[in-house]
Amino acid sequence: MNYEMICLRDKIGEFLCELAKEDDRIYVIDSDLAKSTKTLEFQKKYPERFVETGIAEASAMSIAAGLASEGQIPFYVNFAIFVAGTAWTQLRQAAYANLNVKMIGTYSGMDNGKDGASHHANEDLALVRSIPNVKVLVPSNVKEMKEAMKIAIAYNGPVYIRVARDIVPNVEFKTDSKIGEAKIVEDCGNDFAIIYEGTSAKVAYESFDKLKEKGYNGKLINIFSVKPIDVNLINMISDTVKIIVTVENHSVIGGLGGAIAEILAKKSNHAPVAFVGVEDVFTESGTPTEVKEKYGLSVDNIIKKII
């Protein structure tokens, strides 16, 4: 496949400004990372709707909950480790009240390579998808990212959007994204299925291409909506392919692989499943590429699992 590479994080501020122009209920809450998350663009254009809390993530989430209770649409934008981890209790309380809070977690998984384990969000999907009422979306390209934000605005309730800081292939899908639906990106046969979440798109695409070169013909499945997840498609795939490999920039515990396993555990027969992601360890500092390679998120590891 031919594709350009892009950093989705770089589009956050631009898209929020576009959407805020159409809807004056949209606010952005920041915790001293507007330059890194690109919400600085929103602050400059809509300063009256930008709330800077400083390094006070729990308070930021509480402010978002307060704005939502007053009929506004707040987007709390921060590193995924802080949105899903540091402010987890406040997020849970907001979800308990089913408040209209939107969250964008970037620098997800091992994307923030140099800052090491303290800033690697390898547990955010597990933390957030375990909370009732919260929808979890993971865009894999620019079109999906804007769609995710529009879906979040239209949906009345808490939504968590996981946005890659590392580069991903900007492959634009023809059909629009919807909550609860996955997409078959490529379908060349039934030897295997690679099922990936958006922030791991690069390694998934590269692995699929390498496998085709080796004579293996399979399917490439994009999971845009982690919660709710496309149960029907996953069940159908598990009945037709020889092996399923889940690929995630996240721990293999409780994330995409866990979600797939929860579905297939209810079936008496299905294709075997292998998981590619971070094992039960803390990762370390390095470039995102180096760290991902060391901790298993690599083309070689995916091919090895399938073969």
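The values are calculated or read from the model by the stated rules, or taken from the named source; none is laboratory data. Bear in mind that the values here come from a model prediction, so they are computed numbers and not experimental data. Cβ atoms come from the backbone with ideal geometry, glycine included; neighbour counts cover every protein chain shown.
Below are the figures for this structure:
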read-out: Residue among 107, 196, 160 that alone is under 17 Å from residue 86 (Cα atoms), touching a residue at least 12 places away in the same chain (Cβ under 8 Å) and in contact with a Ser or Thr (Cβ under 9 Å, 6 or more places away or on another chain); value: 107
read-out: Filter result for residue 220 (touching a His at 6+ places or on another chain (Cβ under 9 Å), surrounded by 15 or more Cβ atoms within 10 Å (Cβ to Cβ) and closer than 30 Å to residue 119 by Cα); value: no
read-out: Search result, residues across region 88-112 that are aliphatic (A, V, I, L, M) and surrounded by 24 or more Cβ atoms within 10 Å (Cβ to Cβ); value: 91, 94, 101, 103, 104, 110
read-out: Complete set of residues in region 243-294 that are charged (D, E, K, R) and over 14 Å from residue 121 (Cα atoms); value: 262, 266, 267, 290, 293, 294
read-out: Matching residues in region 261-301 - criterion: being in contact with a Leu (Cβ under 8 Å, 6 or more places away or on another chain) and closer than 30 Å to residue 114 by Cβ; value: 276, 277, 278
read-out: Subset of region 168-185 (residues that are among the β-branched types (Val, Ile, Thr) and either part of a loop (DSSP other than H, G, I, E, B) or over 15 Å from residue 196 (Cβ atoms) (or both)); value: 171, 175, 179
read-out: Long-range neighbours under 6 Å by Cβ, at least six apart or interchain, first residue of a type outside the set (Asp, Glu) within region 47-58, second in a strand (DSSP E or B); value: 49/27; 50/28; 51/29
read-out: Residues of region 274-307 that turn out to be in a loop (DSSP other than H, G, I, E, B), of a type in the set (Gly, Ala, Ser) and on the phi < 0 side of the Ramachandran plot, as a count; value: 2
read-out: Within region 1-69, strands (runs of 3 or more DSSP E) holding 3 or more residues that are crowded, with 21+ Cβ neighbours inside 10 Å and either modelled with pLDDT under 95 or not polar (S, T, N, Q) (or both); value: 26-30
read-out: Test: residue in region 256-273 that is under 28 Å from residue 133 (Cα atoms), among the acidic types (Asp, Glu) and in a helix (DSSP H, G or I); value: yes
